[in-house]
Each structure stands twice: as C-alpha cells, then as structure tokens.
Amino acid sequence: MSRIGKKPVELPGGVTATVSGQSIEVKGPKGTRSFTATDDVTVKVEDNAVTVTPRGTSKRARQQWGTSRTQVQNLVTGVTTGFKKELEINGVGYRAAVQGKVLKLSLGYSHDVEFEIPDTVTIVAPKPTEITIEGIDQQVVGQVAANIREWRAPEPYKGKGIKYKDEFIFRKEGKKK
C-alpha cells in the first residue's frame, strides 16, 4: 500500500480539475497545467479532491500510484502558490542583473554571461548577489536554476560561485607550508 498514494489531493478554492481519459488538467489563479497518467492508475475527481487508485496489484501499478498522486499534487501547488528557487552568488566582482528577457551574469570570465530567460519562468535579481526564479512548473524552475548554477558552481576552498540559498558547501583546508 502506498502511503502517499492513499491520500486524496485536496483542491483549494479557485482551483478546478478536469479528467479526460488518463489526462488531468488543473486550472488555478496562476495558470493551467496538465499531466497524463500511465495506464496503470485511475484518476478521478470527486468531492473537491482528486484521487489516484492503482489498476491491479502489479509492481509497476504500485510504483505509478504514488508517483501519479505526487504529480497531481505538484500541479495543484503550481497553479496556486507556484514554485521558487533562490540562488546566492559569492565572490569578488560576481554579480547578476536582469535586463528585459536576459539575465546578465558577471562571474569572473573575460565576458559577461547572458542567460536567456524562458517564457514559463520569471527571474528577479533583488540584490546583485541574489537570484530568485519562480514559475508554475517545478521541473522547469529547477532546471533553470541548475543551468544558471552550472556557469560557476561553488568551489570548496573559498566558496566562490553560484549556490542554492539553503545549500551547504563543504569547505576544504588549503595547502600547508
């Protein structure tokens, strides 16, 4: 029995869900998201909640049960509150600025890095050393954050680079004489 799959996904006020076949579409104040479940599970909307049940007792059906329920929960969370990732930039002269649909990063290279902002996310730089990425799709928000971090990952000696706000960088001791 899936402990996660057993729980129904509650639909808050202002959120509607429609099921057609194996696909579910969730509409909310921030937008519309959809997800197509595998044939191993059944998705139903009843009593202002979405329930996911497995078809049969096969291992794959039980695996997809919890996964599909979590995907539906992420749809509801995305259209109500959205997802957010925060990045910090550490290093002398390292900074970020948003100019239109481009994020300009100064990361110690001979040139500024220009990162094109996708249409599905919004990027804000409240301070020159902070970047906030927001959107309704958790996967896209995480991937954009990872792509930005990839330009200068934090190094273990001084901690210079781009890191997630809640990330801990394991520090190494330098060379000894």
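Checking the structure you have, find out if any residue of the range 118-133 is more than 21 Å from Gly5 (Cβ to Cβ), touching a Pro at 6+ places or on another chain (Cβ under 8 Å), part of a strand (DSSP E or B) and modelled with pLDDT of 95 or more. Don't jump to the end; show me each part of the working.
Step one: list which residues in the range 118-133 are more than 21 Å from Gly5 (Cβ to Cβ), which gives 118-133.
Then keep just the ones that are touching a Pro at 6+ places or on another chain (Cβ under 8 Å); that gives 132.
Within this subset, residues satisfying the condition of being part of a strand (DSSP E or B) are 132.
Those left that are additionally modelled with pLDDT of 95 or more: 132.
Checked against the condition, which is being more than 21 Å from Gly5 (Cβ to Cβ), touching a Pro at 6+ places or on another chain (Cβ under 8 Å), part of a strand (DSSP E or B) and modelled with pLDDT of 95 or more, the range 118-133 yields at least one hit.
Across the range 149-163, which residue is surrounded by the fewest Cβ atoms within 10 Å (Cβ to Cβ) among those that are outside any loop (DSSP other than H, G, I, E, B) and out of contact with any strand residue (DSSP E or B) (no Cβ under 6 Å at 6 or more places or on another chain)? Outline the logic, then answer.
Applying the first criterion (outside any loop (DSSP other than H, G, I, E, B)) to the range 149-163 yields 149-150, 161-163.
Still in the list and also out of contact with any strand residue (DSSP E or B) (no Cβ under 6 Å at 6 or more places or on another chain): 150, 161.
Details: Glu150: 9, Gly161: 20.
Among those that are outside any loop (DSSP other than H, G, I, E, B) and out of contact with any strand residue (DSSP E or B) (no Cβ under 6 Å at 6 or more places or on another chain), it is Glu150.
Every residue in the range 1-18 that is more than 13 Å from Arg62 (Cα to Cα) and surrounded by 16 or more Cβ atoms within 10 Å (Cβ to Cβ), please. Give the derivation first.
Start the filter on the range 1-18 by keeping residues that are more than 13 Å from Arg62 (Cα to Cα), which leaves 7-18.
If the condition is that a residue be more than 13 Å from Arg62 (Cα to Cα) and surrounded by 16 or more Cβ atoms within 10 Å (Cβ to Cβ), then Pro8, Val9, Leu11, Val15, Ala17 are the ones that fit.
Please state which one of Phe115, Phe170 is outside the structural domain of Thr70 (by TED's automatic domain parsing), exposed (fewer than 11 other Cβ atoms within 10 Å of the Cβ), of a type in the set (A, V, I, L, M, F, W, C) and out of contact with any Asp or Glu (no Cβ under 7 Å at 6 or more places or on another chain).
Numbers: Phe115 fails: exposed (fewer than 11 other Cβ atoms within 10 Å of the Cβ).
Residue meeting the stated conditions: Phe170.
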Between residues in the range 120-146 that are of a type in the set (A, V, I, L, M, F, W, C) and residues that are part of a helix (DSSP H, G or I) and surrounded by fewer than 16 Cβ atoms within 10 Å (Cβ to Cβ), which pairs lie under 9 Å by C-beta distance while being six or more apart or on different chains? Ile133/Gly142
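List the strands (runs of 3 or more DSSP E) that sit entirely inside the range 4-106 and contain at least 2 residues that are without any contact (Cβ under 8 Å) to a residue 40 or more places away in the chain and in contact with a strand residue (DSSP E or B) (Cβ under 6 Å, 6 or more places away or on another chain).
Hits in the range 4-106: 16-20, 23-28, 41-46, 95-99, 102-106.
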Identify all residues within the range 134-148 that are buried (at least 19 other Cβ atoms within 10 Å of the Cβ), part of a helix (DSSP H, G or I) and of a type outside the set (Val, Ile, Thr); write none if there are none. Ala145
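The values are calculated or read from the model by the stated rules, or taken from the named source; none is laboratory data. Since we're looking at a predicted model, the values are computed, not measured. Quick reminder, even Gly has a Cβ in these numbers, built from the backbone with ideal geometry, and neighbours come from all protein chains shown.
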